[in-house]
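Input: a single structure, listed below in structure tokens.
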Amino acid sequence: ARTAAVIPAAGRGVRLGPGAPKALRMLGGTPMLIHAVRAMSASRAVSLVVVVAPPDDVAGVRALLDEYPVPDRTEVLVVPGGATRRESVRRGLDALPDRVTTVLVHDAARPLVPVDTVDAVVEAVRDGGAAAVVPAMPLADTVKEVEPAGDGAPEPVLGTPERARLRAVQTPQGFDRATLVRAHAEVTGEVTDDAGMVERLGVRVVAVPGHEEAFKVTRPLDLVLAEAVLARRRV
Ligand code: CTP
Ligand code: MG
């Protein structure tokens, strides 16, 4: 009863190309957002889901949630999002009732995360004594740091971090609620995930194993992969 999931779903999905807001696109005949809500709701620990909707489409998202029901034991709230992901997450946090002590933040754009990954994150926050937990994957590609040039111009390579020490992080990221709220209030500057803001507070963040099916749907090819994963689940 004390763990809630905030689902930022207010982005346009510019990199996916023209069409409806990304979270409302269909995957295997069901909107991506509904997959994401069900993925959170599948965890016994999660009793509340806060969907952060495109600000001009809050009514549409509410209607969708009536059309595609989620299990009864999960309460679902819908709030309007903001201009950035960070602002959208903050609005979701603002909507949480007092009783919530543990918060998951999960991208609607990661509709296929398995419940075992969700449970592992929840467990690490609740029992592991870490105020922030991220699911993370080893990298297949070698990563270079470059001096960005833009326009496809050659970019000077500055270095190659040791790949074995790098991880690609996914969601849901799990937090002690008070710590995440403080991070959103106090941390300024460019941060690309919620755990990164907690790191800036000087609070310890830990990584647990992520899952390849928790990939983010970002570009058109990712939709092809997502459809294939769903088709494989159905056999
Ligand atoms: N998000 C949000 N509010 C924003 C921007 C993003 O709630 N103002 C959400 C997206 O809906 C998505 C998650 O943050 O679920 C991760 O963002 P991303 O994958 O970048 O989605 P978009 O911002 O929609 O895509 P793009 O950057 O290609 O426009
Ligand atoms: Mg974006």
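The values are calculated or read from the model by the stated rules, or taken from the named source; none is laboratory data. Note that the structure is predicted; figures quoted are calculated from it, not measured. As a convention, Cβ positions derive from the backbone with ideal geometry for all residues, glycine included, and neighbour counts pool all protein chains shown. Please note that ligands, DNA and RNA were not included when accessible areas were found on the heavy atoms of the full protein model with its side chains. Shrake-Rupley method; radii C 1.70, N 1.55, O 1.52, S 1.80 Å.
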For Asp151 and Glu186, what does the FRET efficiency come to when R0 = 35 Å and r is the distance between their Cβ atoms, rounded to the nearest 0.05?
-> 0.45
Accessible area of Leu139, 1.4 Å probe, to the nearest 10 Å²?
-> 50 Å²
Would you work out which of Gly152, Ala36, Pro80 lies farthest towards the positive end of the dipole of the chain? Charges go on Cβ: Lys and Arg +1, Asp and Glu -1.
-> Ala36
Largest fluctuation, Pro148, Pro97, Pro138 only, Gaussian network model of the chain with Cα springs under 10 angstrom, belongs to Pro148
Compute the distance in nm between two label points, each set 7 Å from the Cα along the Cα-to-Cβ direction, one at Asp94 and one at Asp72.
-> 3.4 nm
Cα gyration tensor shape for the range 110-235, rounded if a/c is under 1.5, else prolate or oblate = oblate
Over the range 125-235, with every protein chain in place, what whole percent of the accessible area is carbon and sulfur at 1.4 Å, could you tell me?
-> 53 percent
Filtered trypsin sites (Lys or Arg not before Pro), the range 69-144: DSSP coil and at most 16 other beta carbons within 10 Å | Arg73, Arg99, Lys144
accessible surface per residue for the range 95-201, probe 1.4 Å, DNA/RNA/ligands not counted, whole Å² -> 52 Å²
Given a Förster distance of 41 Å, the FRET efficiency implied by the Cβ-Cβ spacing of Arg163 and Thr101, rounded to the nearest 0.05, works out to 0.65
For the chain, what is the mean residue ellipticity at 222 nm derived from helices alone (per DSSP H run of n ≥ 4: -39500 (n - 2.57); sum divided by total residues; nearest 500 deg cm²/dmol)?
-> -9500 deg cm²/dmol
Say a site is exposed when it is one of the GluC sites (Glu not before Pro), sits in a DSSP loop, and has at most 16 other Cβ atoms within 10 Å; what is then the longest site-free stretch of the chain?
-> 1-161
